[in-house]
Amino acid sequence: MNHILFPENIPSGNKDAAAILFGMLETFKIIKEDVQVSLFSLNFKTDIARYGTRVKIIDVNGSCQSV
């Protein structure tokens, strides 16, 4: 499995940023099927609820949700 980390906050409430992220996820599926994407979050609970299982969300405060 390949792992990709976006070491920045891509807030799920920002629809433009979320759309770009979802586009990248679709591209990764075309290039390589087994890719796990992780990103940092400033709003952990909101991002977990909105991104679901598509990405691994890393809370900048230290907690982590594996999917």
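The values are calculated or read from the model by the stated rules, or taken from the named source; none is laboratory data. Please read these numbers as outputs of a predicted model, since none were measured by experiment. Cβ sites come from the backbone with ideal geometry, for glycine too, and all protein chains shown count toward neighbours.
Tallying residues that are modelled with pLDDT of 90 or more and in contact with a strand residue (DSSP E or B) (Cβ under 7 Å, 6 or more places away or on another chain) within the range 8-27 yields 1. When residues in the range 9-36 are screened for being surrounded by 11 or more Cβ atoms within 10 Å (Cβ to Cβ) and within 19 Å of D59 (Cα to Cα), 9 of them pass.
Conditions tested, residue by residue: (1) part of a strand (DSSP E or B); (2) among the hydroxyl-bearing types (S, T, Y); (3) under 12 Å from the mean Cα position of the chain (by Cα).
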{"site": "G13", "(1), (2), (3)": "no, no, no"}
{"site": "A19", "(1), (2), (3)": "no, no, yes"}
{"site": "F22", "(1), (2), (3)": "no, no, yes"}
{"site": "T27", "(1), (2), (3)": "no, yes, no"}
{"site": "I30", "(1), (2), (3)": "no, no, no"}
{"site": "V37", "(1), (2), (3)": "yes, no, yes"}
{"site": "A49", "(1), (2), (3)": "no, no, yes"}
